[in-house]
1. Give all pairs with beta carbons closer than 6 Å in which a residue from the range 225-253 that is closer than 16 Å to LYS277 by Cα meets a residue that is open to solvent by 50 Å² or more (accessible area, probe 1.4 Å); count only pairs at least 6 apart in sequence or on separate chains.
2. Specify the residue that is nearest to the chain's Cα centre (by Cα); the eligible residues are those in the range 96-138 that are surrounded by 13 or more Cβ atoms within 10 Å (Cβ to Cβ) and part of a loop (DSSP other than H, G, I, E, B).
3. Any residue in the range 144-155 that is in a helix (DSSP H, G or I), of a type in the set (Val, Ile, Thr) and modelled with pLDDT of 80 or more?
4. Could you tell me whether any residue of the range 66-74 is surrounded by fewer than 12 Cβ atoms within 10 Å (Cβ to Cβ) and modelled with pLDDT under 70?
5. Which is over 31 Å from the mean Cα position of the chain (by Cα) and at pLDDT below 90, of LEU204, LEU197, LEU217, LEU228?
6. Go over the candidates SER332, SER324, SER351 one by one and state the one that is modelled with pLDDT of 75 or more and either within 17 Å of LEU271 (Cβ to Cβ) or surrounded by 15 or more Cβ atoms within 10 Å (Cβ to Cβ) (or both).
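The values are calculated or read from the model by the stated rules, or taken from the named source; none is laboratory data. None of these values were measured; they are calculated from a predicted model. No Cβ is skipped: glycine too gets one built from the backbone with ideal geometry, and neighbour counts run over all protein chains shown. Just the protein is used for accessible areas: all its heavy atoms, side chains included, with ligands, DNA and RNA removed. Shrake-Rupley method; radii C 1.70, N 1.55, O 1.52, S 1.80 Å.
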Amino acid sequence: MKNNKALNYAIMPIVYLFLSFISVSTSFVILKVILDRYYRYNSQYGGAIVNAINFFKFFKDQTIGNYLYYIIIAVFTFFVYYLFMRKSLTAFLKIVEVTNKMAGGDLDKTISIDCKGDIKTLADNINIISLLLKNVTIEERKAQQTKADLITNVSHDLRTPLTSIKGYLGLINDDKYRDEVQLRYYVDIAYEKSKELEILINDLFELTKVQNRSITLNKIEINLVELLNQIIFQFGYQFQSEKIEGRSFFSEDKMIIYADPNKLVRAFQNLINNGIKYGTGDYLDIYAYKEGSYAIVDVISYGNPIPAVELPYIFDRFYRVEKSRNKNDGGSGLGLAITKSIVTLHDGQISAHSDGEKTVFKVKLPLLDKENNMH
């Protein structure tokens, strides 16, 4: 196939040149016949055309005139050949011009040509490659920015508890405490800060694994309703201490999914913890219901809404809405990012909606299709 195309590209210009020569030669022959006939019947009358024919006949009888005929045919042949090849040549020059600009870094340029066949296909393919390259470049820049932001945030979040640990251990090392009670107080603070560091480091490792898909999911058939009931029961003491009532509303007794229960527990724990920390209402509601071939779980907290401008970023690593940046909650700032990655690994989706009344985190997970045994 490739050899046939190569042969076609090699032969077609010659064919066009030959056709140009044939068409010009034929036109000249026809013109000569017409003029000869016209001259035969009108030579006695004279006129501009007759005079031109006489001049040409005289010029042709000269030595140079023998070559002029062929020169005119050659000139017209190449002119017709150019007309045949004009679209292809113009398109080729356009491709060269635009690709030179693309090579210079201007990936916004596109090739627009009035042509068909392989040259049109070539131009379209270059446009597609340029668009893909542009998207890759944008993604690389975003990745670099994300990497820089990650390093900055990790450094900040590590430095804060580490500074406290170092400061209080320094006081203890220099014997700068009044009595054993104050010593114990310093040790407790250093211990709590060390636990914050542990949470941050563990969450960072877990997020890296789930986002790189290097984590192994141990999927089994589970009843999502039972799993949610167990999680809510485990939060009983926390609900009580925060004076929040955890309420559940399930439309079905069974919603069978194929998932890693440990990972899903972590995801829903993060959402419930988030609702307890930042909600200011008296309730935290959990709804579960079916929607087509999906199980939907809504985790709803009340009061303290998330600003609309913040919503697109709440699943980013280390992102915290402004009102909670200085809150000393011991969190790593990675909980929602981990949750989204876990849900994505289960072929699910997660979204958030917030207004003046409530904040809703919606998790969408595929139900197990037992008839087709689709996992």
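1. Between residues of the range 225-253 that are closer than 16 Å to LYS277 by Cα and residues that are open to solvent by 50 Å² or more (accessible area, probe 1.4 Å), the close pairs are ILE232/SER248; GLU245/TYR283.
2. Applying the filter and picking the extreme gives LEU107.
3. No: zero hits.
4. yes
5. LEU197
6. SER351
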